[in-house]
1. Out of region 294-314, which residues are in contact with a strand residue (DSSP E or B) (Cβ under 9 Å, 6 or more places away or on another chain) and either more than 24 Å from LYS414 (Cβ to Cβ) or modelled with pLDDT under 95 (or both)?
2. Only one of these is open to solvent by 40 Å² or more (accessible area, probe 1.4 Å) and either without any contact (Cβ under 8 Å) to a residue 12 or more places away in the chain or outside any helix (DSSP H, G or I) (or both): MET147, MET161. Name it.
3. Please specify each residue of region 254-282 satisfying the condition of being part of a helix (DSSP H, G or I) and either under 18 Å from MET66 (Cβ atoms) or polar (S, T, N, Q) (or both).
4. In region 49-68, how many are out of contact with any Asp or Glu (no Cβ under 7 Å at 6 or more places or on another chain) and not β-branched (Val, Ile, Thr)?
5. Considering (1) more than 16 Å from the ligand (Cβ to nearest atom); (2) assigned to a loop (DSSP other than H, G, I, E, B); (3) surrounded by fewer than 23 Cβ atoms within 10 Å (Cβ to Cβ), say which one ASN101 fails and leave the rest.
6. Within region 319-339, can you find the residues that are outside any loop (DSSP other than H, G, I, E, B), within 14 Å of the ligand (Cβ to nearest atom) and open to solvent by 10 Å² or more (accessible area, probe 1.4 Å)?
7. For LEU362, all conditions in the list (1) closer than 25 Å to LEU235 by Cα; (2) open to solvent by less than 10 Å² (accessible area, probe 1.4 Å); (3) of a type outside the set (D, E, K, R) hold save one; what is the number of the exception?
8. Sort out for me the strands (runs of 3 or more DSSP E) sitting completely within region 35-97 that have 1 or more residues that are of a type in the set (Val, Ile, Thr) and closer than 21 Å to HIS186 by Cβ.
Amino acid sequence: MRKTMLIKNGHIVDPSQDIDGIGDIIIEDGKIKEIKLKGQGSKTKGQEMETIDASGLYVFPGLVDMHTHLREPGFEHKETIKTGTLAAVRGGITSVCCMPNTNPVNDNRTVTEFILRKAFDEGSCNVYPIGAITKGQKGEELAEMGMMREEGCVAFSDDGMPIMNGSLMRRALEYSKTFNVPIISHCEDLSLSEGGSMNEGALSTQLGLRGIPYASEDVMVARDIILAELTGGRLHIAHVSTEGSVRLIRQAKERGANITAETCPHYFTVTEDAVKGYNTNAKVNPPLRRQKDVEAVREGLKDGTIDIIATDHAPHHKDEKLLEFDRAPSGISGFETALSLSLMLVHYGVLTMSRLVEKTALHPAKILGIDKGTLKAGSDADIAIADMNKEFKVEQDKFISKGKNTPFEGWKLKGMPVITICKGKVYDCRKLIGG
Ligand code: DOR
């Protein structure tokens, strides 16, 4: 017998179909069957099917998170595919792309296959691996992108080990055109950031920490834009954090460059002030910047310069974050706060709900060329249901993720995911509590 479910009376937002109104969604065997908007045709009868009453709630495509770290294989003490994907689901995320900085590095089809098999066996949401551009992320020799692509990689990146050799980056962009996949660039000039552990400025001097100048990001954004224009390759710029990057990307887009860009909730929410007291949970790479950068990132989201929001979920073990600030690893555990922090943009009037759904679901799916980020009939029922007005207190001890490293501990946010549906399977986010 077919399994049918009804999501009733929710405020449905699906920019892929220009839908923004109250209605019902019918799901059959894990796929979207139909959307009936209020005032269009007959009412849906829900007596014989499992029904979710979404009155007063937003219903939209589950988030497609293009930039995450699931840490498996190799760093299972930080996170596993099992814990990471369940944490994602708690955050309204239904698809994640995982970066290749595992051990071994995902630079060949065997590792890609391992990740996909684990995700199939133990995962709660869809997992799309990102392969390394160079063997071992060493920046010396291109990896076998073709084979990894065949196995299921959706993009390539050397993540936090940026390719310093411009000629190699040029070849990577050229090579990736063959497979029509994006090259994701973590823009950092290592010679400028070397030894730094926070944003360079008065505060880093005060704290006695070596700083990472904004120029370390801007210089590489400029180089990679130029290389993308030279090659026609598809460049995706990861985690934009500076005013200068936003400006460079905006200018490049005005020229028609084939580039896309992402930022993360922490870059549009907090400044470097969060590291005061040597709070290692606010240590991230690129580092948290100044208020004018936060504002520029918000402006970039608003005017379309920045196409997507991703978490850069980077879980670390608490013992590692207990090290001295300059020795602790960089990264923020982002799955379980991302949607609430993003909904704040709607509260502040930076984005409409529809623009937000574009940036969290539709655009990433398009960039990756995957059939997600939409509620069109026939698509997998990957859905987030959120309460815009519910207060949510960030409590790291309740994170499902093994990574409790959040700079938002104790923050009260307005808006939270309440139900996530992944391929028709229903998760009640309020009952998913870790420890
Ligand atoms: O903060 C970060 N953490 N930035 C990166 O580029 C890598 C990531 C990680 O893997 O922990």
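The values are calculated or read from the model by the stated rules, or taken from the named source; none is laboratory data. As the structure is a prediction and not an experimental result, all values here were calculated from the model. A quick note on method: Cβ atoms are made from the backbone with ideal geometry, for glycine too, and the neighbour counts reach across all protein chains shown. All accessible areas refer to the heavy atoms of the entire protein, side chains included, with ligands and DNA or RNA removed. Shrake-Rupley method; radii C 1.70, N 1.55, O 1.52, S 1.80 Å.
1. THR305, ASP307, ALA314
2. Being open to solvent by 40 Å² or more (accessible area, probe 1.4 Å) and either without any contact (Cβ under 8 Å) to a residue 12 or more places away in the chain or outside any helix (DSSP H, G or I) (or both) holds for just one of MET147, MET161, which is MET161.
3. PRO265, HIS266, TYR267, PHE268, THR280, ASN281, listed by residue number.
4. Number of matching residues: 9.
5. Going through the list (1) more than 16 Å from the ligand (Cβ to nearest atom); (2) assigned to a loop (DSSP other than H, G, I, E, B); (3) surrounded by fewer than 23 Cβ atoms within 10 Å (Cβ to Cβ), ASN101 breaks only (1).
6. GLU320, LYS321
7. Only one criterion in (1) closer than 25 Å to LEU235 by Cα; (2) open to solvent by less than 10 Å² (accessible area, probe 1.4 Å); (3) of a type outside the set (D, E, K, R) is unmet by LEU362, namely (2).
8. 63-68
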